[in-house]
Structures are given as structure tokens and as C-alpha cells.
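Report on the following structure.
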Amino acid sequence: QVQLVESGGGLVQPGGSLRLSCAASGSRFTNYAMAWYRQAPGKQREFAAFINNNGDTKYSVSVKGRFTVSRNNAKTTMYLQMDSLKPEDTAVYYCQHIATNTWGQGTQVTVSS
């Protein structure tokens, strides 16, 4: 069983940066792929970024080139570095343990001047 806790959200101005963390408990982290999703108000949850156990990554078109997903297996933590943030990046960000379809509680990111 795995539990996920996101942190690092907040209010940032357009053009700014934030780093989100997803801390995983349990033994199912090192060999498992993880993902970040986000859900804006009134919209469906959408894929943002993916990282597998080898460190291979994929991104949605909307965040590619601005966001970077990474992981630290020793700390059983996944990260999402978000740069050049835009108002349309405002959403609740969730991490997912893909194999078990486990989700964290989400962390709010608001991009506004």
C-alpha cells in the first residue's frame, strides 16, 4: 500500500516559479512510474507530467518546456519544478502512483498578479 502527500503549492505571480513535492510512504516507489495531474476550476482533471522508474519523462503540450518532473528514490519523493508560470496554470495539482491508481490530496497553485 502507498500513500501520497503533495506540498509546495501557493500563490505566485505570472512568470514566477514553484516546486511541488509528492512524498510517498510505503515500499512501492522506487520501481514504479508516477505522474502529475492538475484540475482547474470547472474543468476535468488533466495529465501534466510522467516519470518512470528509469527517469524517462513525458509532458503535456501545455507544460512542456516550462515544467520539469524528477524523483529522488532515496527520499521516496517526486517533484514538479514549474517555471514561467501562467494564469492558466492555476489548478489543484495531484500526484498519482500509477500501478495502484493511488492519488494524493492535492495542492493548490494559483498564478495571479
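If a residue has to be among the polar types (S, T, N, Q), open to solvent by 40 Å² or more (accessible area, probe 1.4 Å) and farther than 15 Å from S21 by Cα to count, how many in region 81-93 make the cut? Write out each step before concluding.
Our first condition is that a residue be among the polar types (S, T, N, Q); within region 81-93, this holds for 81, 84, 90.
If we keep only those that are open to solvent by 40 Å² or more (accessible area, probe 1.4 Å) as well, we get 81, 84.
Add one more test, that the residue is farther than 15 Å from S21 by Cα, and what stays is 84.
Result for region 81-93: 1.
Among what's in region 83-113 and is β-branched (V, I, T) and not in a loop (DSSP other than H, G, I, E, B), pick the residue that is farthest from G15 (Cα to Cα). Steps first, answer last, please.
Our first condition is that a residue be β-branched (V, I, T); within region 83-113, this holds for 90, 92, 98, 100, 102, 107, 109-111.
Next, from what is left, pick out any that are not in a loop (DSSP other than H, G, I, E, B): 92, 102, 107, 109-111.
Details: V92: 18, T102: 31, T107: 19, V109: 13, T110: 12, V111: 9 Å.
Step by step, filter region 83-113, then rank; the result is T102.
Considering region 37-66 alone, what residues qualify as being open to solvent by less than 60 Å² (accessible area, probe 1.4 Å), more than 26 Å from Q3 (Cβ to Cβ) and of a type in the set (G, A, S)?
S62, the sole residue that qualifies.
Would you please list the contacts, defined by Cβ atoms under 6 Å and residues six or more apart or on different chains, that run from a residue in region 84-113 that is closer than 21 Å to M34 by Cα to a residue that is open to solvent by 40 Å² or more (accessible area, probe 1.4 Å) and in a loop (DSSP other than H, G, I, E, B)?
Every condition considered, the pairs that remain are A99/Y32.
Among the residues of region 67-80, is there at least one that is farther than 14 Å from G106 by Cβ, in contact (Cβ under 8 Å) with a residue 60 or more places away in the chain and either touching a strand residue (DSSP E or B) at 6+ places or on another chain (Cβ under 6 Å) or surrounded by 12 or more Cβ atoms within 10 Å (Cβ to Cβ) (or both)?
Yes: region 67-80 contains one or more residues that are farther than 14 Å from G106 by Cβ, in contact (Cβ under 8 Å) with a residue 60 or more places away in the chain and either touching a strand residue (DSSP E or B) at 6+ places or on another chain (Cβ under 6 Å) or surrounded by 12 or more Cβ atoms within 10 Å (Cβ to Cβ) (or both).
The values are calculated or read from the model by the stated rules, or taken from the named source; none is laboratory data. Computed from a predicted structure; not experimentally measured. Cβ sites come from the backbone with ideal geometry, for glycine too, and all protein chains shown count toward neighbours. These area figures cover heavy atoms from the full protein model, side chains too; ligands, DNA and RNA do not enter into them. Shrake-Rupley method; radii C 1.70, N 1.55, O 1.52, S 1.80 Å.
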